[in-house]
């Protein structure tokens, strides 16, 4: 179990609740993710990976471009970072922190891809939600959802 207490991340034994290890983080930690082997933190425009069992620092990524806000999501052998303002996704190798891929969720007309469903894509831009046929790429419907916050 992982607890965040201010600028300290603590890993507790889920059976007895005792502290296994803790790490002091920079004062601008943004996000945290975990898998069965590692704990990932996002701070100072870099991702760091710690061994889940002993807290040993495994790697720290290169500084990410465009000093922006990123959110982490661990999935299999990849750690995904979602860049908030430009709708980009970065994928890092969970073992090394090496950048594997980077792609944009923005479509040609500046809509951001929210979801890919079997028959249509769901896209958004400020105040608008739109469903687009996956085959024809024609809008099926558009909804005014007000300004995003």
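No lab work stands behind these numbers, since they all come straight from the coordinates. Predicted model only: the values in this text are computed from it and were never measured. FYI the Cβ positions are ideal-geometry reconstructions off the backbone, even for glycines, and counts take in every protein chain you see.
In nm, to one decimal, how far is the modelled label at residue 105 from the one at residue 32, with both set 7 Å along Cα→Cβ?
If labels sit at residue 105 and residue 32, their model points lie 2.3 nm apart.
For the chain, state what percent of all Cα-Cα pairs lands in each successive 10 Å bin, counting from 0 Å until the bin that includes the largest distance.
All Cα pairs considered, the percentages come to 10, 33, 27, 19, 9, 1.
Using Cα-Cα distances under 8 Å and only pairs 6 or more residues apart, what relative contact order does the chain have, in percent?
Across the chain, relative contact order equals 10 percent.
Between residue 96 and residue 144, what is the label-to-label distance in nm when each label sits 7 Å out along the Cα-to-Cβ direction?
Modelled inter-label distance: 5.2 nm.
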